[in-house]
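One structure is given below, encoded as structure tokens.
The values are calculated or read from the model by the stated rules, or taken from the named source; none is laboratory data. Keep in mind that what you see is a predicted model, and the values were worked out from it rather than measured. FYI the Cβ positions are ideal-geometry reconstructions off the backbone, even for glycines, and counts take in every protein chain you see. To get the accessible areas, we keep the full protein, side chains included, count just its heavy atoms, and leave off ligands, DNA and RNA. Shrake-Rupley method; radii C 1.70, N 1.55, O 1.52, S 1.80 Å.
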Amino acid sequence: MTTVDPNFSDSAAREARRARLFTRINAADKWFQVLGLSWVTPALKAAAGDNPRAQMKDLWRLLGVPLLAIAGFLLLWGTLAPQVQTSLGAVPGPAAVWEEAVNLHADAGAKAAKREKFEAMVAKRNQKFIDAGQPEKVKDIAYTGAPSYYEQIWTSIKTVFFGFFVGTVVAIPLGIMAGLSPTANAALNPLIQIFKPVSPLAWLPIVTMIVSAVYVTNDGLFAKSFLISAITVTLCSIWPTIINTALGVASIDKDLVNVSKVLKMNTYTKVTKLVLPSALPLIFTGLRLSLGVGWMVLIAAEMLAQNPGLGKFVWDEFQNGSSQSLAKIMVAVFTIGIIGFLLDRVMFALQSLFTFSNQR
């Protein structure tokens, strides 16, 4: 039977295109959530004509309400801040903090130009000796100027990832052992319960003395302050990964464990083909928690270890006591929070790539 509607094929084609469009939007929604842009999905669906009223309601909840809350926070901050007087003057409001953020950006550009000029002078000097046939006088002179704000941010990021990587290498095998073996779990559990609540301020003197005693070279690959901060991060951040890995491994379906016994899998095959794929969602949950803890711990560790990162920046400004110090510290606070959010999004993206569970 044939249709009598001459526009039937055009309508079917439009519906097919519409269906493909919504399929693409739904597929992209997972990545919008990873990036913290979940409000984009209802905006796209509303623009495509999918129940605009309902989509605008979701858009208001996902975007309008947060923006309204941020605006309310800024208004309250700007109103109350001038009322609080400190030894350095009134607490800076949003405008003053933004001004210092702009100043730090300009200062970073000036310091980068100064460093480039210094390195160009050193290269010119060395080239002069090479042209004169005196290569023995060539020297690699290190730049000793103060690091810029962006360099301090980069130092903190490198430090937290180094400590987090070392902690992950230690924590995941221990968590697998605890999940697979009741004996290993009984051995590790008291240690976890004792050391998990320990503050980084308690670990720091111990780590400082051990690193100073063991790492005696002055021209090694890592600076002592870097190692002290990174090891402190490791000691404080490994526990969520151990606990969640052990829980994920212990929660594996018993039928799968029985299958591995029937197939007579060796330990390596059992761990790589059965245990890890099944436990990955909880492992990634532990990794996200560990990275968050590590980033929080790092700032305190850098303050005392004098690792040239954001923690040292905050401490130096506190000691400086200038009229701009409080605003600079608040810039650092917002920087720490934003970077912490971005680090969590990175781990969430990796979790989305390697796992298929919706329980995140």
Query raised in the report: Tell me, what is the percent relative contact order of segment 271-360, built from C-alpha pairs under 8 Å that lie six or more residues apart?
Result: 37 percent
**Report entry** Per residue accessible area of segment 156-238, 1.4 Å probe, in Å²
**Finding:** 53 Å²
Report summary line: Expressed as a percent, the accessible surface of segment 115-165 that is carbon or sulfur, using a 1.4 Å probe and the full set of protein chains, is 61 percent
Query raised in the report: So, in Å, what gap is there between the alpha-carbon centers of segment 256-301 and segment 218-253?
Result: 14 Å
Requested in this report: Please calculate how many Å² of accessible area segment 23-101 carries per residue, with a 1.4 Å probe and no DNA, RNA or ligand atoms counted.
Outcome: 66 Å²
Query raised in the report: For the chain, modelled as a Gaussian network with Cα springs under 10 Å, which listed residue fluctuates most, Phe22, Phe129, Phe161?
Result: Phe129
Query raised in the report: Rg(Cα) of segment 181-325 divided by 2.2 N^0.38 Å?
Result: 1.40
Report summary line: Short to long, in 10 Å steps from zero, the percent of alpha-carbon pairs of segment 119-188 per bin is 17, 19, 17, 17, 13, 10, 6, 0
Report summary line: Summed over the other residues with a beta carbon less than 15 angstrom from that of Ala96, with K and R at +1 and D and E at -1, the charge totals -2
Query raised in the report: From the backbone phi of segment 162-169, what are the Karplus-calculated ³J(HN,Hα) couplings (6.51 cos²θ - 1.76 cosθ + 1.60, θ = phi - 60°) in whole Hz, Gly and Pro given as x?
Result: 5, x, 5, 5, 4, x, 5, 4
Query raised in the report: When the chain is treated as a GNM, springs tying every alpha-carbon pair under 10 Å, which of Lys261, Lys328, Lys128 comes out with the largest mean-square fluctuation?
Result: Lys128
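Mind putting a number on the dipole of segment 52-169 about its Cα centre? Charges go on the C-beta only, +1 for Lys and Arg and -1 for Asp and Glu, and I need it in Debye to the nearest 20.
On the way: 13 positive and 10 negative charges, 41 e Å.
The dipole of segment 52-169 has a size of about 200 debye.
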Report summary line: Sorting Glu116, Glu317 on solvent-accessible surface, 1.4 Å probe, most exposed first, gives Glu116, Glu317
Report task. Could you tell me, in Å, what Rg and Dmax come out for the Cα atoms of segment 40-105? Result -> 18.6, 58
Requested in this report: Starting at the first residue of segment 337-349, write each ³J(HN,Hα) from the Karplus equation 6.51 cos²θ - 1.76 cosθ + 1.60 with θ = phi - 60°, in whole Hz, x for Gly and Pro.
Outcome: x, 5, 5, x, 4, 5, 4, 5, 5, 4, 5, 5, 5
Requested in this report: May I ask you to evaluate 6.51 cos²θ - 1.76 cosθ + 1.60, the Karplus curve with θ = phi - 60°, for each residue of segment 286-303 and list the ³J(HN,Hα) values in order in whole Hz, giving x for glycine and proline?
Outcome: x, 5, 5, 5, 5, 5, x, 5, x, 5, 5, 5, 4, 4, 5, 5, 5, 4
Requested in this report: Divide the volume of the convex hull of the Cα atoms of the chain by its number of residues and quote the answer in cubic angstrom per residue.
Outcome: 299 Å³
Report summary line: Classified through the alpha carbon gyration tensor (a ≥ b ≥ c as square roots of its eigenvalues; rounded if a/c is under 1.5, else prolate when a/b is larger than b/c, else oblate), segment 162-211 comes out oblate
Requested in this report: Holding the Cα-Cα limit at 32 Å, pick out from Lys139/Lys312; Lys196/Lys312; Lys111/Lys196; Lys30/Lys158; Lys117/Lys224; Lys114/Lys137 the pairs that are longer than that.
Outcome: Lys111/Lys196
Query raised in the report: To the nearest µm²/s, what D does Stokes-Einstein give for segment 192-263 at 25 °C and 0.890 mPa s, using the Kirkwood radius over alpha carbon pairs as Rh?
Result: 162 µm²/s
Query raised in the report: Using a Gaussian network model of the chain with C-alpha springs under 10 Å, which one of Gln127, Gln193, Gln55 is most mobile by mean-square fluctuation?
Result: Gln127
Report task. Determine the gain in length on full extension of the stretch Leu75-Asp253; use 0.36 nm per residue of separation and subtract their C-alpha separation, reporting nm with one decimal. Result -> 58.9 nm
Report summary line: Computed from every Cα-Cα pair in segment 16-127, P(r) in 5 Å bins starting at 0 and rounded to whole percents is 2, 10, 10, 11, 9, 8, 9, 10, 10, 8, 6, 4, 2, 1
Requested in this report: Could you tell me the accessible area of Ser260 in Å² (1.4 Å probe, neighbours in place), rounded to the nearest ten?
Outcome: 10 Å²
Query raised in the report: Under the Kirkwood approximation applied to all pairs of distinct alpha-carbon atoms, what is the hydrodynamic radius of segment 79-172 in Å?
Result: 17.8 Å
**Report entry** Helix-only mean residue ellipticity at 222 nm for the chain, each DSSP H run of n ≥ 4 adding -39500 (n - 2.57), per residue, nearest 500
**Finding:** -25500 deg cm²/dmol
